[in-house]
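Note sheet for the following structure.
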Amino acid sequence: MKLLSARRRHPMALVVLLLVGLLLTGGAYALFTSNSSAKAQEYSSDDVAQGQKLFVANCATCHGMSGQGTENGPSLVGVGASSVDFQVGTGRMPLQMSGPQGQVKKQQFNQDQIDQLAAYVASMGPGPSVPEGDYLDASKGDPAKGGGLFRTNCAMCHNVVGAGGALTRGKYAPNLQNVSEKHLYEAMQTGPQNMPIFNDANLTPEQKRDVIAYVRNASEEPSPGGFKLGALGPVAEGLFIWFFGLAAVIGITVWLTARSK
Amino acid sequence: MSNTVTDSKFLTGSARFVESRTGASAAVKEFGRKIFPAHWSFMLGEVALYSFIVLLLSGTFLTLWFKPAMGEMHYEGSFAPLRGVEMSEAYASTLNISFEIRGGLFLRQLHHWAALLFMAALSLHALRIFFTGAYRKPRELNWIVGVALIAMGMAAGFTGYSLPDDLLSGNGLRIIDGLLKSIPLVGTYVSFFLFGGEFPGTDIVSRLYTMHIMLVPAVLIALIGVHLMFVVIHKHTQWPGAGHTEKNVVGEPVLPTFAAKGGGFLFMIFSLLCLIAGLFTINPIWNYGPYDPSPVSAGTQPDWYIGWMDGFLRLMPGWLEFYIAGYPISFNIFSALLVAAVLFGAMIAWPFFEAWLTGDHRDHNILERPRNNPTRTAVGVAATVWYLVMWAAASGDLIAVFFHMSLNDVTYVLRTLFFLGPILGYIVTRRVCLGLQRKDRELVLHGIESGQIIRLPHGEYQERHIAVDPHARWKLTAFESPAPVPARANAKGVVPRSERVRAKFAQFFFENRVEPVTKDELDAAHHDHHGEVEGGHDAELAGAGHGELPKGH
C-alpha cells in the first residue's frame, strides 16, 4: 500500500488509472455482452500483428486499410472473429469476383492465417467469437427439435433438407450438405451475405446445435427410398419420369412393334 | 392342340354353360378380331392403361394402412428425426407405411411413380393423337373423353398428393385454397365449403381421401371403359401405306397375337415401374415434416402435371389484383383457372374448329404425317411451347440456381416467351413442315442422290439418282393438301359474316401449302430425266438410274 500511496502523484498515475478504468469498464462490457455460446478466444498481440499484415495485403482494397469499409466493401468493425472464420474459412473471402453473392471456392489461407486475420478483425471491435466445443457436437443435439426449427427458420431459402434454393437477382441460399458444424454455427451467428442473423435470443446455442444436428442427419443418413435425385422434390421426379421412365417405355414400345427381319 | 381342347368334356361343358347364359362368344368374336396396326406410337395409351392398373393395385394396398384423419398426435415411430414431433394421424400413418409396414415404402413409391408415368403417358398419347389428326371424324367424342381423362388424372393426382398431410402437400393445398378464394364473389364460400371452415381445418384430408379413392377413380374407370369401347367401335386408325385404305385396318388381331403382346407389355410396364420404385425415392415425406401453415420450403413444387398451372401463377404479376366497389378481384390468382379453362376448352373445341375451317366432314381412318398438315402441327407445337413455358416457370427457382442465373431474369424471359414462344413455335414449325414436304417431293421426283458420278460417252458428267421404292413413295405421296375453301354463299345467295370469317381463317392457315406429287408430275419428271440422260448412251444405264420408276417406259 505504501508503494501505491508513495507513487500516487507520479506523472504516470493518471495514465495508469485511466487504463485500469478503461480495462474494467471494457472488461465488464465484454463480460455482459459477450457471446455466451462460445468461450472467448484468446489471441496474442502477435496474432493481431500478423493478421493486420494479411489484412492489408488481401482485404484492405475493399474493406479499407483499417477495416472501416469503402464503397466496395462493408466496414468490419464489430463483425467479430466468427464472421472472418466463416467468410475466409469457406473460401468466400477474398472474393473470387464481384457478383450478386460471394462464391464458395478453395480456401486461400490456412487455419493459422485465418485465426490471425480473425484476431485482427476482432481487435477492431467486439463481435461474436469463433464457436467451440459442446455446441458444435451434432450428436448432442436433437434432430427432431432441430427439424422443426429448420423448417420454420431456414427451409424457405435452404429447402427442407438444406439442398439450397434461389433468392432474388442471382443470389441464392447454398446447399448445406457439406458444410461443417462450425461453419453452420457461424453462419447462424453472423448472418453472412443475404442471411439474417440468428443471435442467441433468436436461437439459443442449444437450439443452434439442434439445427446443426438436423442438417447433419438430413445429409448423412442414407435415404430410405433409394437414390435421392438431389432431394429437389417434384421437379427432379418429373424430369426423371419424362427422360428416363418414358424413354424406357418408348424403348419397349419400339422393341415390341419392331418387325422381325 | 385344338383336338385336345374340343375333346375335353370339362372345357366344352363349361364353355357351353357360359355361352348359353351370357352369349359372350359374340363379344369375344368382335373384340378378338379387332385389328391393331403395329407402330410404337400406338402403344402409349396402353402404357397409361397399365400404369392405371398398377395404380389401382398399389393404391388398394395403401388404403389398408392409411388413416385419413387430422387428429393431432405425437409421433413415436422408428424415424428418429421426427420422434416426438406433433403431427396429424394422416402424416403419422404415412410415415408408418413408409417405415414400419413391410414393403410399404416400396408400394408408396410405386403408386406415386405410376401416377407420374400415367400422366406422362396420357400426355404423350394425346400429343400423338393430335399431331396425326386421329381425333377427326368419327373420333371427336373419344378425343373429348381423352381430354376428360387428363383432367380427371390431374384431379386424382392432386387429391393424392395432398393426402399425406406433410409440409409439401399442405403448401399445395394452400395454393388450391387461394385459387378457390380468388373466384369472384363466391370464392370464400367455396373454400370454406371444401375445407369445412377456415383453411386448413380438420376435415380436408378425409374429404380428399373420399374423392381420391372413390369418386375420382370411379369416374376414371368409367371414362376408360367408354374410351376403349370407342376404340373398338371406331376401329383403329393407321398410317398411310400401300394397301392401307379408309375402309380397312392392316395389323394384328387381338386374339391371339396382340393379346399376348399386350399381356407381356403390361408386365414390362409393371416391372419397369417396380424397378424405378425400388431404386429411386419419390416424395420423401419424412423430409418435409408435418404440415404447419407457417413454413414454406424453397423448391416447393407440385407434381409435374400440375406444374404448368403453378408456373402460370409464378409468371403472373401481382398488380393484377384490383377492387370493384370494395370487393377484391384477385385476377392475378384467378387467371390460373382461366388459363386452365382456355387450354382444356381449346382441346375440346379443336376437332370441331378444324372441321368448320376446312369444311371437311368426311370420316378419316388414315392418319396424317405431322408434316403433311403443317398448320395443325404448327398450332400443336405452339400450344406445346406455351405449356412448356408455364411448366418451366414452375421450376424457375431451380433453373436460376442450377444455371447460375438471376431468378428475376428467368421470370422476365419466361414472361416474354409466354407471349412470343407460341408465335415463334408456330412460324418455325410451319416452315419446317413445308420444307420437309418439299424435300419429300424432291425425293419422289428425283430419287435419292447416290453420290455416284458417271461420265456419259459424250463427256457429260451426271450424278446417278436412285428412285425411292414404291412403298416409300406411297408414304410420301399419299396425303391431301386441300386448298382453302373460299367464302361461299348460302341458299339465299348471301355470304354470311361467319362464312367470311371462316374463309379468312382458312386463308391464313392453308394459304401456304405443298401439293403431293401427282402421277402426271411423276411421269413428267421421269421423262425429263430420260431426256437428260439420253444422247447416245445405252438403255442399261438409264435402267440402273431410273429402273424403279414403273410408269412411262
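The values are calculated or read from the model by the stated rules, or taken from the named source; none is laboratory data. Fair warning: this is a prediction, and the values are worked out from it, not measured in the lab. Glycine gets a Cβ as well: all are built from the backbone with ideal geometry, and neighbour counts include every protein chain shown.
If you go through the range B:204-230 and keep only what is surrounded by fewer than 14 Cβ atoms within 10 Å (Cβ to Cβ) and either at pLDDT below 85 or not β-branched (V, I, T) (or both), you end up with B:M214, B:A218, B:A222, B:G225, B:M229. Within the range B:393-452, the set of residues being within 14 Å of chain A (Cβ to nearest Cβ) and either of a type in the set (D, E) or within 30 Å of B:L522 (Cβ to Cβ) (or both) comprises B:D397, B:D409. Within the range B:81-98, the set of residues being surrounded by fewer than 19 Cβ atoms within 10 Å (Cβ to Cβ) and more than 7 Å from chain A (Cβ to nearest Cβ) comprises B:E86, B:E89. Screening the range A:175-220 for residues that are of a type in the set (D, E) and without any contact (Cβ under 8 Å) to a residue 60 or more places away in the chain and picking the one that is nearest to the other protein chains (Cβ to nearest Cβ) gives A:E220.
The set of residues from the range A:221-256 being facing another protein chain (nearest Cβ under 7 Å), among the charged types (D, E, K, R) and not in a helix (DSSP H, G or I) comprises just one member, A:K228. All of (1) out of contact with any strand residue (DSSP E or B) (no Cβ under 9 Å at 6 or more places or on another chain); (2) assigned to a helix (DSSP H, G or I); (3) within 22 Å of B:G71 (Cβ to Cβ); (4) among the hydrophobic types (A, V, I, L, M, F, W, C) hold for B:F199 with one exception: (2).
Across the range B:467-504, the number of residues qualifying as outside any helix (DSSP H, G or I), farther than 21 Å from B:H364 by Cα and not aliphatic (A, V, I, L, M) comes to 7.
Can you tell me which residue among B:L149, B:L62, B:L107 is more than 29 Å from B:W40 (Cβ to Cβ), within 34 Å of the chain's Cα centre (by Cα) and more than 13 Å from every other protein chain (Cβ to nearest Cβ)? Testing whether each residue is more than 29 Å from B:W40 (Cβ to Cβ), within 34 Å of the chain's Cα centre (by Cα) and more than 13 Å from every other protein chain (Cβ to nearest Cβ) leaves just B:L62. Exactly one residue out of B:G289, B:G318 is surrounded by 15 or more Cβ atoms within 10 Å (Cβ to Cβ), in the same structural domain as B:V47 (by TED's automatic domain parsing) and small (G, A, S), and it is B:G289. How about the range B:235-270: which of its residues are touching a residue at least 12 places away in the same chain (Cβ under 8 Å), more than 16 Å from B:F42 (Cβ to Cβ) and aliphatic (A, V, I, L, M)? B:A242, B:L255 - these are the residues of the range B:235-270 that are touching a residue at least 12 places away in the same chain (Cβ under 8 Å), more than 16 Å from B:F42 (Cβ to Cβ) and aliphatic (A, V, I, L, M). Every condition in (1) under 30 Å from B:V485 (Cα atoms); (2) within 11 Å of chain A (Cβ to nearest Cβ) holds for B:V296 except the one numbered (1). The set of residues in the range B:238-258 that are hydrophobic (A, V, I, L, M, F, W, C), touching a helix residue (DSSP H, G or I) at 6+ places or on another chain (Cβ under 9 Å) and within 13 Å of another protein chain (Cβ to nearest Cβ) contains only B:W239. Here is a check on your reading of the model: is A:F109 aromatic (F, W, Y), closer than 30 Å to B:N408 by Cβ and either at pLDDT 85 or above or assigned to a helix (DSSP H, G or I) (or both)? Criteria not met by A:F109.
Of the set (1) in contact with a Pro (Cβ under 7 Å, 6 or more places away or on another chain); (2) outside any helix (DSSP H, G or I), all apply to A:F86 but (2). Whether a residue is without any contact (Cβ under 8 Å) to a residue 12 or more places away in the chain, assigned by TED's automatic domain parsing to the domain that holds B:S335 and not aromatic (F, W, Y) was assessed, and B:G172 does not pass this test.
One residue stands out among those in the range A:199-232 that are under 26 Å from the mean Cα position of the chain (by Cα) and among the small types (G, A, S): the one that is nearest to B:M154 (Cα to Cα), which is A:A231. The residues listed here are B:I466, B:I453; of these, the one that is in the same structural domain as B:H527 (by TED's automatic domain parsing), among the aliphatic types (A, V, I, L, M), loosely packed, with under 14 Cβ neighbours inside 10 Å and in contact with a strand residue (DSSP E or B) (Cβ under 6 Å, 6 or more places away or on another chain) is B:I453.
Does B:L194 satisfy the condition of being buried (at least 17 other Cβ atoms within 10 Å of the Cβ), more than 30 Å from B:P370 (Cα to Cα) and in contact with a Lys or Arg (Cβ under 9 Å, 6 or more places away or on another chain)? So B:L194 fits the description; yes. Just one of the numbered conditions (1) closer than 19 Å to A:L239 by Cβ; (2) away from chain A (no Cβ under 13 Å) is not true of B:N287: (2). Against the criterion of being within 14 Å of B:F312 (Cα to Cα) and modelled with pLDDT of 95 or more, B:V385 qualifies. In the range A:141-151, is there at least one residue being touching a residue at least 40 places away in the same chain (Cβ under 8 Å) and more than 9 Å from chain B (Cβ to nearest Cβ)? Among the residues of the range A:141-151, at least one is touching a residue at least 40 places away in the same chain (Cβ under 8 Å) and more than 9 Å from chain B (Cβ to nearest Cβ), which makes the answer yes.
Out of B:R464, B:R371, I need the residue that is away from chain A (no Cβ under 14 Å), out of contact with any Phe, Trp or Tyr (no Cβ under 6 Å at 6 or more places or on another chain), not in a helix (DSSP H, G or I) and not polar (S, T, N, Q). Which one? Criteria check complete, one pass: B:R464.
Among the residues of the range A:152-163, those identified as within 7 Å of chain B (Cβ to nearest Cβ) and surrounded by fewer than 23 Cβ atoms within 10 Å (Cβ to Cβ) are A:T152, A:M156, A:C157. When you look at B:L420, is it surrounded by fewer than 16 Cβ atoms within 10 Å (Cβ to Cβ) and either closer than 21 Å to B:P374 by Cβ or of a type in the set (S, T, Y) (or both), yes or no? For B:L420, the condition - surrounded by fewer than 16 Cβ atoms within 10 Å (Cβ to Cβ) and either closer than 21 Å to B:P374 by Cβ or of a type in the set (S, T, Y) (or both) - is met.
In this structure, does B:L141 turn out to be more than 11 Å from every other protein chain (Cβ to nearest Cβ) and part of a helix (DSSP H, G or I)? Spelling it out, B:L141 is indeed more than 11 Å from every other protein chain (Cβ to nearest Cβ) and part of a helix (DSSP H, G or I). With respect to the conditions (1) touching a Gly at 6+ places or on another chain (Cβ under 9 Å); (2) not assigned by TED's automatic domain parsing to the domain that holds A:S139, A:Y172 lacks only one, and its number is (2). For the range B:125-157, the set of residues classified as within 30 Å of B:D203 (Cα to Cα) and touching an Asp or Glu at 6+ places or on another chain (Cβ under 8 Å) consists of B:G157 only. Taken together, B:D397, B:D409 contain a single residue that is in contact with a strand residue (DSSP E or B) (Cβ under 6 Å, 6 or more places away or on another chain), among the acidic types (D, E), modelled with pLDDT under 95 and in a helix (DSSP H, G or I), which is B:D397.
Do we have any residue at all in the range A:127-144 that's touching a Pro at 6+ places or on another chain (Cβ under 8 Å), part of a helix (DSSP H, G or I), aliphatic (A, V, I, L, M) and under 20 Å from A:N217 (Cβ atoms)? Yes, the range A:127-144 contains a residue that is touching a Pro at 6+ places or on another chain (Cβ under 8 Å), part of a helix (DSSP H, G or I), aliphatic (A, V, I, L, M) and under 20 Å from A:N217 (Cβ atoms).
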